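Quick notes on the structure that follows.
The values are calculated or read from the model by the stated rules, or taken from the named source; none is laboratory data. A quick note: this is a predicted structure, and the numbers were derived from the prediction, not measured. All Cβ positions, glycine included, derive from the backbone under ideal geometry; neighbour counts span all protein chains shown. These accessible areas exclude ligands, DNA and RNA; they are computed on the full protein's heavy atoms, side chains included. Shrake-Rupley method; radii C 1.70, N 1.55, O 1.52, S 1.80 Å.
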Amino acid sequence: MTMQFNNIDISKIKNIAIEAGNAIMEVYNRDFKVENKEDDSPLTEADIRANEIICNNLNVLYPNIPIMSEENKQISYEIRKNWEYYFCVDPIDGTKEFIKKNGEFTVNIALIHRNTPILGVVYAPALNDMYYTDGLNSFKNEKRLPLKTNKTSKEKLFVVASKSHLSSETQDFINNLDTKEVEQVSKGSSLKLCMVAEGSADIYPRLASTMEWDTAAADAIVRCSGKMSYHLKTEQPLEYNKKELLNPWFIVR
């Protein structure tokens, strides 16, 4: 890694996520309006406030590192294809869970090196859970991941799937897994990838659309916990800063 990577203080990134989380919770704990963006996805005041906090703080700390955020105007591929490092941000991943007030939403901040996520913070403010990786190891609330390992995966697999976006293709994939028993749980946001990283789930299949900012931070945590996020068809690791920011169908295991 170059100096730019070594200059990133993960504790400062965690603090930014906590500050954004506090602003999110202030909105979460009262009535709020929901608007729809052009792609029909929901947007709240909390998304906007969290995005401002994250982007402003990152710009002060690391003015030379560009930011790609779900809530910012997207930068053309012609410019961003030359980025060596950039931050990939989703101020609230799981806005639908936020609106439902079930707590399963996260603040996602990742550092990407070329096409690979190398640092990541995933903070769930309503659950008070902090997942992160320093680029070497991954942690949940300061405990190193994985927290547990399934020694009997041939007998029973623990599968996590989307709470609000479970596609029929994903369900078919789960139904056809080669194991005697499958225990399937639903979870919102990037917490699904974090469950694989921590070992509470063996596999997370996603045969439905996601964007790079939905997965980048948690993917870094997955990789530094000794797991991987794979493109379903090519079985290669997921890549970032693609011309098209839509992720392919993938599996985390």
Return the residues of the range 24-54 that are assigned to a helix (DSSP H, G or I) and open to solvent by 10 Å² or more (accessible area, probe 1.4 Å); say none if nothing qualifies.
M25, E26, Y28, E45, I48, R49, N51, E52, I53
Among (1) touching a His at 6+ places or on another chain (Cβ under 9 Å); (2) over 28 Å from K163 (Cβ atoms); (3) buried (at least 16 other Cβ atoms within 10 Å of the Cβ), N57 falls short only on (1)
Subset tally (residues that are assigned to a loop (DSSP other than H, G, I, E, B), open to solvent by 20 Å² or more (accessible area, probe 1.4 Å) and either out of contact with any Ser or Thr (no Cβ under 7 Å at 6 or more places or on another chain) or of a type in the set (G, A, S) (or both)) for the range 117-147:
10
Candidate set: the range 83-112, residues that are among the charged types (D, E, K, R) and open to solvent by 10 Å² or more (accessible area, probe 1.4 Å); chosen: the one farthest from G188 (Cα to Cα)
E84
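Okay, residues lined up against (1) in contact with a Lys or Arg (Cβ under 7 Å, 6 or more places away or on another chain); (2) open to solvent by 50 Å² or more (accessible area, probe 1.4 Å):
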{"position": "T149", "(1), (2)": "no, yes"}
{"position": "K180", "(1), (2)": "yes, yes"}
{"position": "A197", "(1), (2)": "yes, no"}
{"position": "T210", "(1), (2)": "no, no"}
{"position": "T215", "(1), (2)": "no, no"}
Could we say that N72 is of a type in the set (S, T, N, Q) and in a helix (DSSP H, G or I) here?
no
In the set N137, N102, the lone residue that is under 27 Å from A46 (Cα atoms) and in contact (Cβ under 8 Å) with a residue 12 or more places away in the chain is N102
Let me spell it out: the conditions are (1) touching a strand residue (DSSP E or B) at 6+ places or on another chain (Cβ under 9 Å); (2) modelled with pLDDT under 95, and N176 meets all of them except one. Which number is the exception?
(1)
Any pair with Cβ under 8 angstrom, 6 or more apart, that starts in the range 174-197 at a residue that is more than 22 Å from M211 (Cα to Cα) and ends at one that is outside any strand (DSSP E or B) and among the basic types (K, R):
T179/K154; K180/K154
Contact list please: Cβ distance under 8 Å, first residue in the range 11-28 and of a type in the set (D, E), second residue assigned to a helix (DSSP H, G or I) and open to solvent by 40 Å² or more (accessible area, probe 1.4 Å), pairs at least six apart or on different chains.
E19/N57
